[in-house]
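Okay, so here's the structure we're looking at.
Just so it is clear, none of the values below were taken in a lab; they were calculated from the coordinates. Owing to the predicted nature of the structure, the values given are computational and were not obtained by experimental measurement. All Cβ positions, glycine included, derive from the backbone under ideal geometry; neighbour counts span all protein chains shown.
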Amino acid sequence: MEFGLTDEQRAIRDTVRDFVRKELTPREPDVLARDRRGEPGLTRDELTALQDKARGFGFWGLSTPEQYGGMDLDAVTQALIHTELGRTYVPFVFGGEADNILYEANDTQRAEYLLPTIEGDRISCFAITEPGAGSDAANIRLTARADGDDWLLSGEKTFITNGNDADFAIVIALTDPAAGARGGSTAFLVDRSMGWTSSPIVTMGPAEPASLFFDQVRVPSSHILGEVGQGWRLAMRWIGRGRYLIPARAVGIAERALSMAVEYANTRETFGAPIAANQAIQWMIADSELELEAARLLVLRAAWLVDTGADARHASSMAKLSGATMVNRVIDRVLQVHGGMGYTRELPIERWYREVRLFRIFEGTDEMQRLILARDLLRGYTKVGLV
Ligand SMILES: Cc1cc2nc3c(=O)[nH]c(=O)nc-3n(C[C@H](O)[C@H](O)[C@H](O)COP(=O)(O)OP(=O)(O)OC[C@H]3O[C@@H](n4cnc5c(N)ncnc54)[C@H](O)[C@@H]3O)c2cc1C
């Protein structure tokens, strides 16, 4: 068994760490100040400028195939990078990425959607959730009705990330209501100019998703992604990617926050001694490190399984559940260690507190991950102790 990283993985991780230290960390006070004013941490222009800078030294399109100019990195390396980026609260992502399912586009769609999305000239969003269908995504009602060579889309999507900025949406719609979402849904590439509208949803964290409204939006058949009836497969593929990258980011956030707690515990004095002298504080630190390292291993194992081509769904659910719950517990303890200071907006802890709560909800709630894990065991899809 080899727990070490390859030389290349270590070099990439160190380069990203350096980029974070030099280019992102200095922006943190500004991000906090903007957060207090209710503004995004980075404007689109600032994000693009940083992405261009990273592109200058080759960091562009982490998951994008080389034929499109990307790095085509393995899943483990991508997870390591997401962890590094999690160590800062500057909301940066590398450029040159497109939704994984856009690679199923045909030649015409590739030119119209995939390539401009990779280049950052178009912004996409992915829409399956509806007011009546979140965890129970198979209950979607947004319907596409055939009309000649077109389809008419009617219904509502909600909580859609990038839904306010996107100029096109990948929409999962029912094309055969009798067959249900699993066999009777289809993915459509729908330009905003075709007629859908959006409305922002204010949340407790930095995320600002949107509701999307479709009222007989006319979409040509040529805008079907993949085949009619393949919507569910594409949706599950899209969601599968986040299952190990979200907890990878959670690991980075927990690393940074726990380091702050260690430093604070050693310097803050009460009753004439550093608070680190108290077992109550030590145990919070010890439990946090233990849970952090356990989550890291689950994330890396899930990513490694992806790289081997094996079915990584069970392992990814464990990684998502572990990472999401771990980071919430760690941030809560880190806030407690900081006492009143932890509760202020002088420090980023309360911001993380609000931000990471989302990790237990989106792209499959904690309960849905547990449901998957239990189902896999109870139905014999996997066995206890199978590594
Ligand atoms: C900020 C944000 C961004 C998002 N981005 C996107 C996006 O880009 N695209 C997209 O399509 N969606 C997106 N979502 C939607 C997200 O995936 C859903 O919110 C999530 O799947 C939960 O669905 P729900 O909110 O309808 O909760 P519900 O499904 O109504 O669940 C409510 C509660 O009941 C629990 N529950 C439900 N069923 C069961 C059960 N059988 N057993 C036990 N407990 C159960 C849930 O776990 C949850 O705790 C986003 C959501 C948020 C908040």
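Once the other residues with Cβ under 9 Å from the Cβ of residue 156 are scored (Lys, Arg +1; Asp, Glu -1), what is the net sum?
Charge balance in the 9 Å sphere: +1.
Along each principal axis of its Cα atoms, how long is the chain end to end? Whole angstroms, biggest number first, please.
For the chain, the Cα spread along each principal axis is 80, 50, 41 Å.
At R0 = 22 Å, how high is the FRET efficiency between residue 270 and residue 344 if r is their beta carbon distance? Nearest 0.05 is fine.
0.80
Could you tell me which helices of the chain pass both thresholds, a Cα extent of 27 Å or more along their own axis and a mean Kyte-Doolittle hydropathy of at least 0.0, with helices taken as whole DSSP H runs?
Details: long enough: 231-267 (55 Å, 0.08); 279-308 (43 Å, 0.54); 313-337 (36 Å, 0.14).
Length and hydropathy pass: 231-267, 279-308, 313-337.
Mind pulling up the Rg/Rh value for segment 233-378? Radius of gyration and Kirkwood radius, both on Cα. It would help to have the intermediate numbers written out before the result.
Working: Rg = 17.1 Å, Rh = 16.1 Å.
My calculation of the ratio gives 1.06.
Would you mind calculating the gained length between residue 93 and residue 7 on full extension (0.36 nm times residue separation, minus the Cα-Cα distance), in nm to one decimal?
This chain segment gains 28.6 nm when fully extended.
Quick one: if you stick a label point 7 Å off each Cα along the C-beta vector at residue 282 and residue 259, how many nm between them?
Label-label distance for residue 282 and residue 259, simple model: 2.4 nm.
Lysines within cross-link reach of residue 22: Cα-Cα under 17 Å, excluding same-chain residues under 8 positions apart?
By straight Cα distance, residue 22 reaches 53.
So what is log10(I(q)/I(0)) for segment 1-121 at q = 0.14, 0.18, 0.22 1/Å, when the Debye sum runs over its Cα atoms only?
Computed log10 I(q)/I(0) values: -0.67, -1.00, -1.26.
Residue 15 versus residue 110, label points 7 Å from Cα toward the beta carbon: distance in nm?
It is 2.6 nm.
Obtain the radius of gyration and the Kirkwood radius of segment 94-149 from its C-alpha atoms and give Rg over Rh.
Result for segment 94-149 is an Rg/Rh of 1.08.
Using Cα pairs under 8 angstrom and six or more residues apart, how large is the relative contact order of the chain, in percent?
Numbers: 666 pairs, mean separation 52.6, N = 387.
This gives 14 percent for the chain.
With N residues in segment 124-229, what two-decimal value do you get for its Cα radius of gyration over 2.2 N^0.38 Å?
Ratio of Cα Rg to 2.2 N^0.38 Å: 1.01.
Give me the one-decimal nm value for the distance between modelled label points at residue 141 and residue 294, 7 Å along each residue's Cα-to-Cβ direction.
Reported label-point gap for residue 141 and residue 294 is 4.1 nm.
Straight-line reach from residue 383: which lysines fall under 20 Å, measuring Cα to Cα and dropping same-chain residues less than 8 apart?
Straight-line reach from residue 383, under 20 Å: 320.
May I ask for the equivalent-ellipsoid semi-axes of segment 71-178, computed as the square root of five times each C-alpha gyration tensor eigenvalue and listed largest first in whole Å?
Details: eigenvalues 172, 71, 33 Å².
Here the semi-axes work out to 29, 19, 13 Å.
Using alpha-carbon positions, what is the distance between the centroids of segment 226-296 and segment 36-73, in Å?
24
What's the ranking of 65-76, 298-309 by average number of surrounding C-beta atoms within 10 Å, highest first?
Top to bottom by mean Cβ count within 10 Å: 298-309, 65-76.
Per DSSP helix of 4 or more residues, -39500 (n - 2.57); summed, then divided by the residues of the chain. What does that give at 222 nm, rounded to the nearest 500?
Value at 222 nm, helices only: -14500 deg cm²/dmol.
Note down the net charge around residue 245, summing +1 for each Lys or Arg and -1 for each Asp or Glu among other residues with Cβ under 12 Å from its Cβ.
Net charge around residue 245: +2.
Tell me, 159, 362 in order of fewest to most beta-carbon neighbours within 10 Å?
362, 159
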